[in-house]
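**Student:** Before I ask anything, let me first share the structure, which is written out below as structure tokens.
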Amino acid sequence: MTEPDQAPRPPLCELAVDAGFAAAFDVDALIETWNADDLDALQSHFGAHAAASEGGDEHNLCVLLAAITSFHFRSDNATEPYGPWLVMGEQRSAIPADFSDQQLALFLELADRIRRLDLRARLADMVWVEKRKALRPHLRRSGELALNSFLALAAQELVAGRLHGFWKAFERTTRLAVLLKSGTPEQLASLCGRAVTMAHEQNKPGLLHRLLKLAQDWELMSGVDIREAALASAEKCDGDRNWHAAVEMTLFAATTHDKAEKAQADALKLRAAGIFERAAEAVAAGSALQAAHFMERAIEIYRRVAGTKDQRERCHRRLLEFQNAINGEMSSHSHPIDLRELIEAARQAVSGKDFFDALWQLLTCARSPSVAELRQSVLENAQEFPLSQMFSGTVLDRDGKPVSRFSGVDEDADDAQSGIRHKMIELANLRHHICAHGSLKPAIQVIAAEHQIMAHRFETLIIHSPFVPEGREHVFCVAFQRMFEGKLMEAIHLLLPQVENAIRHVLKQHGVVTSKVKQDMTQEDLNLNEMLFGSTGAETEKIFGADLLFDLQSILVDRFGPNLRNTIAHGKAELGDMYSHDAWYFCWMILRLCCLPLAQHWNVLAHLDETGELPASQADDLPD
């Protein structure tokens, strides 16, 4: 952004440099006055030199060279290797498309004369990348100049022992060689072989794996040599307790066998699984969580090999033992929230009112969180606190078993939806907690203290509710009585099975098919998961709305949430779960579902509850 009193900078494509000046200007001589080991350092020096210049050709040329050296270099991207170094909203730093044809021609002339290899390669390559589709002879020349420059740069970096710099230059060299159908395979193979040896000696298994994979893809080494190098690295990593790298290298070695050598490939997979088994036992005394992770990975690899049932069962038994010990390693974190004002407001809202008025205040004191607002909050948090949002994770049950996994939060990533949904449910759960303890529970306690709460007090509402199927009214009434009495354990056990049937009842009323035909031509009803997530999900959302549907999913069946329906139904809930904020919120949400469709008849129903009579003129208006 520019200061208000500064003129805006012109676009890069408008910066003109006289051809005669560029031909006479010695870029290498200027660079030699700086201590710049790489292009990042060059970018800073070019920028500083441009700022110190008083405009004109030298200033413009240094601005352009600073922009070119600022590119984010993606050597693994064959066709678009240069991206912006920085993106902020709708603004970004330079990319090759920002330069004019005249500037690109100037850069190619500079590349012909510049001795500095990394800058020469960058200039020639960006010209070829931007204009390669034109198929003109001089553009072909820019590609070949880039190829030869990167090849020389890779050799230079290798001699200096800088493997990271070598990899970037060498990977780009191979991409260009394929695209240009040019290059010298013997030179590439020689450089690759020397780099593999050096990476092994310097104990860099990650880089070694990338080198071997590239050698395999472009046939720069024989399969036997690649396999021997990978297994040598795996043995060294295993000895260094770098078990993930050891397994990665062993599994990669297995890929060097062709289909006719399946037995040999399977033997290497079994060796890899064995490494993870030994790793699990090695760390078990110090961390059951880490041991469980290694044993899970061992089972995963055993599943790739036929005839390994015994090994899988052995690992599964040990996995359960590790998981049972995980809870001892976990710790809880809490942050106090002052809810006193919220509690007092909730109490005053219902105090001194007749039962129906107080009940209406309870029903309308909160609503389901907005799905759009939750998603927006998650994405804003990811932008404001990127480090805390980028990591993936696992949800464990009380026995330490993983029940769900989620990615980091990145709106543009293909696998980001699980991470975004996990954070949305996490945020919704916090709001449920505040709502339950700050509003619902205090209001319910006041209503229970000021009114005689019996099951029949709810009959007037429940028998007219379109949510409640015929014949189930008394169950709902008793459940709500238990809720107001504070007997959440009884209320939740009564409501949970009824809710599944009630949702099925509502869907049927709207013409939705709630059963399925099995292969043996028998039929069965859709379960709650299928109605909320499965084939009827779109119809369910239309009927209940996106916000309420998300609330039902996150409370009842989503494994990122309390999963209340499944933990209660399968007897996995502890006593505390049945009196938790999730239980309070769930019971209130179902009471709300039963009553809100009756909003326009509320006063009539209140009169009926109070007097036991209903004027004939109003009787026909009530829903059946």
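**Student:** Which FRET efficiency, nearest 0.05, do residue 539 and residue 380 yield, Cβ-Cβ r, R0 35 Å?
**Tutor:** E(calc), rounded to 0.05, equals 0.65.
**Student:** Scanning the chain for chymotrypsin sites (Phe, Trp or Tyr not before Pro) in DSSP loops with at most 14 other Cβ atoms within 10 Å, what's the longest stretch left with none?
**Tutor:** Formally, the longest exposed-site-free interval is 35-390.
**Student:** Quick check for you: which residues of the stretch 73-95 have the amide N under 16 Å from the point 7 Å beyond the Cα of residue 218 toward its beta carbon?
**Tutor:** The answer is 74-81, whose backbone nitrogens lie closer than 16 Å to the label point.
**Student:** Lys pairs in the stretch 355-611, Cα-Cα under 27 Å, at least 8 apart or on separate chains: how many?
**Tutor:** 13
**Student:** With a 1.4 Å probe and all protein chains kept in place, how much accessible area does residue 217 have, in Å² rounded to the nearest 10?
**Tutor:** 80
**Student:** How would you classify the stretch 191-292 from its alpha-carbon gyration tensor, with a ≥ b ≥ c the square roots of the eigenvalues: rounded for a/c under 1.5, else prolate if a/b is greater than b/c, otherwise oblate?
**Tutor:** Cα axes put the stretch 191-292 in the oblate bin.
**Student:** In whole Å, largest first, what are the principal axis extents of the Cα atoms in the stretch 355-611?
**Tutor:** Cα spread of the stretch 355-611 along its principal axes, largest to smallest: 61, 50, 36 Å.
**Student:** With a point put 7 Å past each Cα toward its Cβ, work out how far residue 210 is from residue 29 in nm, to one decimal.
**Tutor:** Spacing of the two 7 Å Cα→Cβ label points: 3.8 nm.
**Student:** For residue 570 and residue 523, FRET efficiency with R0 = 25 Å and r from the beta-carbon atoms, rounded to 0.05?
**Tutor:** It comes out at approximately 0.55.
**Student:** Which of the GluC sites (Glu not before Pro) found in the stretch 416-524 are loop residues per DSSP with 10 or fewer other Cβ atoms within 10 Å of their Cβ?
**Tutor:** In loop regions of the stretch 416-524 (DSSP not H, G, I, E or B), the sparsely surrounded GluC sites (Glu not before Pro) are 470.
**Student:** In addition: Just grab the label-to-label distance for residue 607 and residue 86, each label 7 Å out from Cα along the Cβ direction, in nm (one decimal).
**Tutor:** 7.0
**Student:** Moving on to the next point. Using a Cα-Cα cut-off of under 19 Å, which lysines could be cross-linked to residue 204, ignoring same-chain neighbours fewer than 8 residues away?
**Tutor:** Residue 204 reaches 168, 213, 236.
**Student:** Could I ask something else about it? Contact order normalised by length for the chain, with contacts defined as Cα pairs under 8 Å and 6 or more residues apart; what percent is it?
**Tutor:** Contact order relative to length: 7 percent.
**Student:** Enumerate by residue number the GluC sites (Glu not before Pro) in the stretch 7-74 meeting two conditions: DSSP loop (anything except H, G, I, E, B), and at most 14 other Cβ atoms within 10 Å of the site's Cβ.
**Tutor:** 32, 54
**Student:** Any chance you could list the semi-axes, whole Å, largest first, of the equivalent ellipsoid that the Cα gyration tensor gives for the chain, using √(5λ)?
**Tutor:** Result for the chain: semi-axes of 64, 35, 22 Å.
**Student:** Can you pull out the trypsin sites (Lys or Arg not before Pro) in the stretch 265-311 whose DSSP state is coil and whose Cβ has at most 14 other Cβ atoms within 10 Å?
**Tutor:** Qualifying residues, ordered by number: 303.
**Student:** Measure off, as a whole percent, the carbon and sulfur share of the 1.4 Å-probe accessible area of the chain, all protein chains present.
**Tutor:** Roughly 50 percent, rounded to a whole number.
**Student:** For residue 72, which sequence-distant residues (separation of 5 or more, or a different chain) have an amide H within less than 5 Å of its own amide H, given hydrogens modelled in the peptide plane?
**Tutor:** Long-range HN contacts for residue 72: 83, 85.
**Student:** What's the magnitude of the charge dipole for the chain around its Cα centre, counting Lys and Arg as +1 and Asp and Glu as -1 at the beta-carbon? Answer in Debye, nearest 20.
**Tutor:** That gives the chain a dipole magnitude of about 2040 debye.
**Student:** So how far apart, in nm, are the two label points at residue 44 and residue 317 if each is 7 Å from Cα heading toward Cβ?
**Tutor:** 6.0
**Student:** How much length, in nm to one decimal, is gained on full extension between residue 74 and residue 501, taken as 0.36 nm per residue of separation minus their Cα-Cα distance?
**Tutor:** Net length gain for the segment: 148.2 nm.
**Student:** Another one. With Cβ to Cβ distances under 13 Å as the rule, what net charge do the other residues near residue 438 carry (K, R +1; D, E -1)?
**Tutor:** Result for the local shell: +1.
The values are calculated or read from the model by the stated rules, or taken from the named source; none is laboratory data. Everything numeric here is computed off the predicted structure, so don't read it as measured data. Cβ: placed from backbone, ideal geometry, glycine included. Neighbour counts: every protein chain shown. Just so you know, the surface numbers come from the protein's heavy atoms only, side chains and all, with ligands and any DNA or RNA stripped out. Shrake-Rupley method; radii C 1.70, N 1.55, O 1.52, S 1.80 Å.
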